[in-house]
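**Student:** Mind having a look at this structure? Questions to follow.
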Amino acid sequence: MANVKVTMAQEGLTSQRVALSDSDGHFIFADVTPGAFHLSLLAPGFATLERSGVLHVGEDLAVSQLALVVARASVDVEVTLPPEQVAEDEVKIEEQQRVLGFIPNFYVSYIPHAVPLTPKLKFQLAWRSTIDPVSFVITGAVAGFQQAENEFSGYGQGAKGYARRYGAAYGDLVSATFIGGAILPSLLKQDPRYFYKGTGSGQSRFWYAIANAVICKGDNGRWQPNYSAIIGGLAAGGISNLYYPAANRNGASLTFENALIGIGGAAASNVIQEFIVRRFTPHLPPPEPAKP
């Protein structure tokens with residue numbers, strides 16, 4: 001059932017948490033303090049349902065199916081929960097997603113019908129991604145490989161050359177993430193996340209992952225061309241010409257070539273997300289079937 005008001009109370013805490021079930025009857029509470037809890041479910045025309053339990057340290061608890069009983073005397077109750085709050089709770093879960101427990105996997109939603117992100121949350125995800133310690137480590141590895149192969153020779157060698165390569169690689173990461181993942185999605189009202197499908201035949205899931213390199217969900221819930229990622233890739237490539245050595249700036253052709261490479265890389269990444277990454281990512285919400 002949709003729009004069931006779920007109130008959670010915990011021993012020792014004066015405040016209560018409230019969630020509203022989605023169209024499939026699911027609800028989520030994130031960052032819950034371990035210990036005893038009590039759930040109260042309320043919906044118009046149904047009797048209030050009470051459930052209690054205990055959440056242990058480090059546990060992700062999936063509550064078993066709950067059934068509401070029609071009330072003898074119906075009372076109209078208007079329940080409203082701001083979608084912004086629901087989106088914040090869902091983003092908190094996404095910010096805990098790490099492949100093998102340490103590699104960030106923030107831009108994947110395992111809730112097919114997740115609430116659209118506000119501009120604030122889009123910038124929050126971009127910020128968290130760019131300042132994550134693993135991002136600095138990966139950037140360092142990229143700069144080290146470039147120095148070993150003497151890529152962007154105009155930077156030279158030694159510590160100074162490595163620092164320049166590191167700065168350029170990190171600049172690429174920041175510009176691509178913020179332009180394609182926050183600024184343009186906010187202006188164009190598009191969702192920068194990949195929505196895990198997880199159902200259907202392997203072939204349908206494969207083509208779904210490939211297609212998501214050039215399409216995305218809008219904030220209105222409809223699929224549309226992914227202008228944010230495509231234009232963002234071109235913009236980030238153009239900005240890189242401001243800090244790469246003059247000898248390595250090949251003009252517009254290289255920018256468009258890198259944009260096409262970026263689309264291909266996104267398609268490959270989506271396929272890996274769809275078939276491999278989930279099993280290596282702990283602390284995920286339970287899967288739910290996607291609507292056709």
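**Student:** Only one of (1) farther than 25 Å from L184 by Cβ; (2) part of a helix (DSSP H, G or I); (3) modelled with pLDDT under 90 fails for V86. Which number is that?
**Tutor:** (1)
Residue-by-condition table, conditions (1) hydrophobic (A, V, I, L, M, F, W, C); (2) over 30 Å from W223 (Cα atoms):
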residue: T14; (1), (2): no, yes
residue: E50; (1), (2): no, yes
residue: G58; (1), (2): no, yes
residue: A71; (1), (2): yes, yes
residue: I93; (1), (2): yes, no
residue: S109; (1), (2): no, no
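**Student:** Residues in segment 229-241: is at least one free of Cβ contacts under 8 Å to residues at least 40 places away in the same chain and either touching a Lys or Arg at 6+ places or on another chain (Cβ under 7 Å) or not assigned by TED's automatic domain parsing to the domain that holds A87 (or both)?
**Tutor:** Keep residues of segment 229-241 that are free of Cβ contacts under 8 Å to residues at least 40 places away in the same chain, which gives 230, 234, 237-238, 241.
Narrowing the set further to residues that are either touching a Lys or Arg at 6+ places or on another chain (Cβ under 7 Å) or not assigned by TED's automatic domain parsing to the domain that holds A87 (or both) leaves 241.
Scanning segment 229-241, I find at least one residue that is free of Cβ contacts under 8 Å to residues at least 40 places away in the same chain and either touching a Lys or Arg at 6+ places or on another chain (Cβ under 7 Å) or not assigned by TED's automatic domain parsing to the domain that holds A87 (or both), so the answer is yes.
**Student:** Let me ask something additional. Given the residues L13, L100, L68, L61, which is the only one that is over 21 Å from D191 (Cβ atoms), touching a Phe, Trp or Tyr at 6+ places or on another chain (Cβ under 6 Å) and modelled with pLDDT under 90? If you could, list the steps in order and put the result at the bottom.
**Tutor:** Details: L13 fails: touching a Phe, Trp or Tyr at 6+ places or on another chain (Cβ under 6 Å); L100 fails: modelled with pLDDT under 90; L61 fails: touching a Phe, Trp or Tyr at 6+ places or on another chain (Cβ under 6 Å).
L68 is the lone residue from the list that is over 21 Å from D191 (Cβ atoms), touching a Phe, Trp or Tyr at 6+ places or on another chain (Cβ under 6 Å) and modelled with pLDDT under 90.
**Student:** When you check T139 against the structure, is it more than 29 Å from D24 (Cβ to Cβ) and among the hydroxyl-bearing types (S, T, Y), yes or no?
**Tutor:** On the way: more than 29 Å from D24 (Cβ to Cβ): yes; among the hydroxyl-bearing types (S, T, Y): yes.
So T139 passes the test.
**Student:** Show the residue pairs meeting these rules: Cβ distance below 6 Å; 6+ apart or different chains; first residue within segment 145-167 and within 11 Å of N248 (Cβ to Cβ); second residue among the basic types (K, R).
**Tutor:** Q146/R165; Y155/R164; Y155/R165
**Student:** For segment 9-30, give me each residue that is surrounded by 17 or more Cβ atoms within 10 Å (Cβ to Cβ) and over 21 Å from P116 (Cβ atoms).
**Tutor:** Q10, R17
**Student:** State whether the residues of segment 153-167 include one that is surrounded by 13 or more Cβ atoms within 10 Å (Cβ to Cβ) and under 30 Å from E94 (Cα atoms).
**Tutor:** yes
The values are calculated or read from the model by the stated rules, or taken from the named source; none is laboratory data. Note that this is a predicted model, so its numbers are computed, not measured. Using ideal geometry, Cβ is built from the backbone for each residue, glycine included, and neighbour counts are taken over all protein chains shown.
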